[in-house]
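The values are calculated or read from the model by the stated rules, or taken from the named source; none is laboratory data. Please read these numbers as outputs of a predicted model, since none were measured by experiment. Cβ: placed from backbone, ideal geometry, glycine included. Neighbour counts: every protein chain shown. The area values use the complete protein model at the heavy-atom level, side chains included, leaving out ligands, DNA and RNA. Shrake-Rupley method; radii C 1.70, N 1.55, O 1.52, S 1.80 Å.
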Amino acid sequence: MEHAPTDPATDSSYDPGYDPAAEVVELCRELIAIDTSNYGTDDGPGERKAAEYVATLLDEVGIEAQVIEGRPGRSNVVARWGGGDGRAPLLLHGHLDVVPAEASDWQVDPFSGEVRDGHVWGRGAVDMKDFDAMLLSVVRARAGAGAAPEREVVLCFTADEEAGGHHGAGILVEDHPDLFADCSEAVGEVGGFSATVRGRRVYLIEAAEKGMAWMRLTARGRAGHGSMINDDNAVTRLAGAVARIGAHQWPVRLTPTMEVLLATIGDLAGTEATPDNAEALVEEFGDAARMLGAVIRNTANPTMLKAGYKTNVIPTDAHATVDGRFLPGYEDEFFATLHELAGDGIEFDFESKQDPWETPYDGDLVTAMTRSLLAEDPDALVAPYLMSGGTDAKHFRRLGMRSYGFAPLRLPADLDFTALFHGVDERVPVDALEFGARVFDRFLEHA
């Protein structure tokens, strides 16, 4: 008697005949051990060594990869794999660079990839060499077993995401759009991780991102002696602008993505989600409220100040930087408010300006992500969320793709996960890595 084939997206007993998580821990450790610190300049080690490592891993299982550089050492890897069912390819992307780490602040060497207390430690463990490792582990296991996905995928590992992606995804989109032109959808970071709300795990899939405005504010005035009266002081004018911007309380604004998420949490809390109780519902996420509280409003945080060269000299100009993040649909309100707060005599220049985006939370790809998570964690909830930071999706969406963040991790309730992004002692649970590889393997079967 023949048995009906199991569905990897729903059947908890699904056994593909290979272990998608077999290499995930070791790959994560080895990627972390390659220092790809991004200082926002070309002064760092670059991504070349990591890119060559990834290309070799793919070549070993018969997947031809190419390394593309926009600048020396700023390396990206692109490969194609699978296909045959006639659908538009799916882009799967992760970045290879990490933010710097000060070793003296850490319990372990941040580039050791040490396994301790059931976690893999090191810079990039959650942002985002964990997902790179999951993706590579699944792809290598499948390729070795002759189990390429029916839908063609484009694998892309990028440089420079931590400084806006201009030497990574930006270069690829601008100079090599033909490599991605037929892709209709994209999956990358940051999503698929769990948060615990009222005893239930809720997996958050990224379906939107705030826009990014890294701004340089300049005030100009009349130079003079520090002992004299000066009513045209650039430092005073700039300080007032920065203080007003930093102290401003931005109003709550809910985009469609956050309306869905807060409605899900409202159901758990036994209340209807509204803008009036949005902040209270966000607090249900505990430590994760640090990030989610920033995606129900625009934000603008002053980050650097520079003025003058001697105590008794009033300088001609003064400068500040502000990290502004604005919600999809609220760009005009954001910039109008910012200029009003700054007042007269403040010039604005952009170090980087990238648009927000929001993808409807529907369709076959969302179904595949949801079912794959629930097959491994049946009692959980799955909902979309809006990301406070930026990812390479901002660049790839310029080619018309629907984008999501899906790097699945089942996390313990007491782990302050969002604090680990760019934080000291960054680490990821070993069992979360293995969980993520299993989920992503199921996802690829039905993506």
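Along the Cα→Cβ direction, 7 angstrom out, place labels at D85 and E331. What is the inter-label distance in nm?
Once both label points are built, they end up 3.5 nm from each other.
Using 13 Å as the cut-off for backbone N distance, which residues of the stretch 215-256 belong to the label zone defined by a point 7 Å from the Cα of V313 along Cα→Cβ?
Within reach of a label on V313: 223-226.
What nm distance separates the two modelled labels at A280 and R222, each placed 7 Å from Cα along Cα→Cβ?
Those two pseudo-labels are separated by 5.5 nm.
Classify the stretch 230-297: rounded, prolate or oblate, from the alpha-carbon gyration tensor (a ≥ b ≥ c, eigenvalue square roots; a/c under 1.5 rounded; otherwise prolate if a/b is larger than b/c)?
prolate
Please report the relative contact order for the stretch 31-72, taking Cα pairs under 8 Å with a sequence separation of at least 6, and give it as a percent rounded to a whole number.
25 percent
Pop out the ³J(HN,Hα) list for the stretch 51-68 in order, Karplus 6.51 cos²θ - 1.76 cosθ + 1.60 with θ = phi - 60°, rounded to Hz; leave Gly and Pro as x.
Once θ is set to phi - 60°, the couplings for the stretch 51-68 become 4, 5, 4, 5, 4, 5, 4, 6, 4, 4, 10, x, 9, 6, 10, 10, 9, 10 Hz.
Over the stretch 101-194, what is the relative contact order in whole percent, taking alpha-carbon pairs under 8 Å and six or more residues apart?
So the answer I get is 13 percent.
Quick one: compute the contact order of the chain, relative version, from alpha carbon pairs under 8 angstrom and 6+ residues apart, as a percent.
Across the chain, relative contact order equals 25 percent.
For the stretch 19-25, just list the computed ³J(HN,Hα) in residue order, Karplus coefficients 6.51, -1.76 and 1.60, θ = phi - 60°, integers in Hz, with x standing in for Gly and Pro.
For the stretch 19-25, the Karplus-derived couplings read 10, x, 9, 4, 10, 4, 5 Hz, x marking Gly and Pro.
Pairwise over distinct Cα atoms, reciprocal of the mean inverse distance: report the Kirkwood radius of the stretch 374-423 in Å, one decimal place.
Result for the stretch 374-423 stands at 13.7 Å.
Please give the contour-minus-distance gain from V424 to D232: 0.36 nm per residue of separation, less the Cα-Cα distance, rounded to one decimal in nm.
Separation in residues times 0.36 nm, less the Cα-Cα distance, equals 64.9 nm.
Compare the peptides 24-30, 356-362, 196-202 by average per-residue count of other Cβ atoms within 10 angstrom and give them in order, highest first.
Taking the mean over residues of other Cβ atoms within 10 Å, the ranking is 24-30, 356-362, 196-202.
Calculate the FRET efficiency for K49 and F348 from the Cβ-Cβ distance with a Förster distance of 45 Å, rounded to the nearest 0.05.
Here the calculated transfer efficiency is 0.70.
Please work out how many pairs of lysine residues in the chain are eight or more positions apart (or on different chains) and have Cα atoms closer than 27 angstrom.
9
Calculate the spin-label point distance for D59 paired with K306, positioning each point 7 Å from the Cα along the beta-carbon direction, and give it in nanometres.
So the two model labels end up 4.2 nm from each other.
Could you do me a favour and compute the accessible area per residue for the stretch 207-249, 1.4 Å probe, result in Å²?
I get 48 Å² per residue for this part.
Calculated FRET efficiency, T367 and D19, Cβ-Cβ r, R0 25 Å, to nearest 0.05?
Efficiency, rounded to the nearest 0.05: 0.50.
Can you give me the accessible area per residue for the stretch 48-121, using a 1.4 Å probe, in Å²?
44 Å²
If the only charges are +1 at each Lys and Arg Cβ and -1 at each Asp and Glu Cβ, what is the size of the charge dipole of the chain around the Cα centre, to the nearest 20 debye?
1120 debye
Considering only protein heavy atoms and a 1.4 Å probe, what is the carbon-and-sulfur percentage of the accessible area of the chain?
For the chain, the apolar C and S fraction of the accessible surface comes to 47 percent.
Please work out how much length the chain gains when fully extended from T41 to Q107, using 0.36 nm per residue of separation minus the C-alpha to C-alpha distance, in nm with one decimal.
My answer for the length gained is 21.0 nm.
So what is the accessible area of the stretch 325-378 per residue, in Å², with the probe set to 1.4 Å?
Per residue, the stretch 325-378 has 48 Å² of solvent-accessible surface.
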